[in-house]
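All remarks here apply to the structure that follows.
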Amino acid sequence: MIKEACVETFEEALRAEKNGADRIELCSDLKNDGLTPSFDLMGKTISGLNIPIMVMIRPRAGGFVYSEIEIKKMKSEIDLAKKAGASGIVLGLLTKDNKIDTKNTAILCEYAKPLPVTFHKAIDNMENPVHAVQILKRIHGIKRILTSGGQATALEGKNTLVKMIETAGKQIEIIVAGKVTDKNINALNRLTGANEFHGRKIVGELNSP
């Protein structure tokens, strides 16, 4: 199982690696579900750890419908992630009618090359996340989808997660998220058959003792 720890500080990232995390998702402002981290934090974390660092690209809090100006800002943030040496980026874009913004997602995936892209939990805002997987499979560059199966927690979304994994096949990896911890990850692995998991406490508590 791949354990991806979601962190917002260098210290949390270090602790996560020490506790056995296989990969980091680096964000700022997790109270608002994660925004793009600063370039300094990217650089310090990427140079200070030995595991892959995925960088969140999200220019503001709120929804996932972005203007042309915000798309340009996201390109600038992708440039910074590349310059810092990120292993990949994490993003999610929707349209005003709550569908995948295929046009701008494809533009940013192309711009991010050669970095792989994870489409994040914006997918859980949609009515049919299983159908959304089919759409994302057509966008070159998306390697993973971060999701709780459209529910508040992975446990509640387990049945949808199974369908999403089946739909994704070998083309896209489904990363199970939504209150995944070191206490329930084994049960969720059995229930969903997923190989990759994501959470704030996926390798235990990361805050300072």
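In the range 26-78, what count of residues is obtained for those that are touching a Cys at 6+ places or on another chain (Cβ under 9 Å) and either modelled with pLDDT under 95 or of a type in the set (Asp, Glu) (or both)? Quick ask: steps written out before the conclusion?
Initially, the range 26-78 is screened for residues touching a Cys at 6+ places or on another chain (Cβ under 9 Å), giving 26-27, 30, 33-37, 55-56, 58.
Still in the list and also either modelled with pLDDT under 95 or of a type in the set (Asp, Glu) (or both): 30, 33-34.
Looking only at that region, the number is 3.
Among the numbered conditions (1) more than 19 Å from LYS121 (Cβ to Cβ); (2) free of Cβ contacts under 8 Å to residues at least 24 places away in the same chain, the only one that MET42 does not meet is (2).
When you look at ARG200, is it surrounded by fewer than 22 Cβ atoms within 10 Å (Cβ to Cβ), closer than 19 Å to VAL55 by Cα and within 16 Å of the chain's Cα centre (by Cα), yes or no? Criteria met by ARG200.
Results for (1) within 15 Å of the chain's Cα centre (by Cα); (2) in a loop (DSSP other than H, G, I, E, B); (3) modelled with pLDDT of 95 or more; (4) within 18 Å of THR147 (Cβ to Cβ), shown as yes or no for each residue.
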| residue | (1), (2), (3), (4) |
| --- | --- |
| LEU80 | no, no, yes, no |
| LYS83 | no, no, yes, no |
| ALA86 | yes, yes, yes, no |
| ILE89 | yes, no, yes, yes |
| ALA106 | no, no, yes, no |
| CYS109 | yes, no, yes, yes |
| PRO114 | no, yes, yes, no |
| THR118 | yes, no, yes, yes |
| ILE123 | yes, no, yes, yes |
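Which one is surrounded by the fewest Cβ atoms within 10 Å (Cβ to Cβ) among residues in the range 13-58 that are hydrophobic (A, V, I, L, M, F, W, C) and part of a strand (DSSP E or B)?
Just the residues of the range 13-58 that are hydrophobic (A, V, I, L, M, F, W, C), to begin with: 13-14, 16, 21, 24, 26-27, 30, 35, 39, 41-42, 46, 49, 51, 53-57.
Applying the additional criterion that residues be part of a strand (DSSP E or B) yields 24, 26, 35, 53-56.
Values: ILE24: 24, LEU26: 28, LEU35: 18, ILE53: 24, MET54: 27, VAL55: 29, MET56: 25.
Result: LEU35.
Evaluating LYS121 against the criteria (1) crowded, with 24+ Cβ neighbours inside 10 Å; (2) closer than 14 Å to GLU25 by Cβ; (3) of a type outside the set (Asp, Glu); (4) in contact with a Leu (Cβ under 6 Å, 6 or more places away or on another chain) leaves one unmet condition, (1).
The values are calculated or read from the model by the stated rules, or taken from the named source; none is laboratory data. In this text the structure is predicted, and so the values were computed from the model without any measurement. Methodologically, a virtual Cβ is constructed for each residue, glycine included, from the backbone with ideal geometry; neighbour enumeration extends over all protein chains shown.
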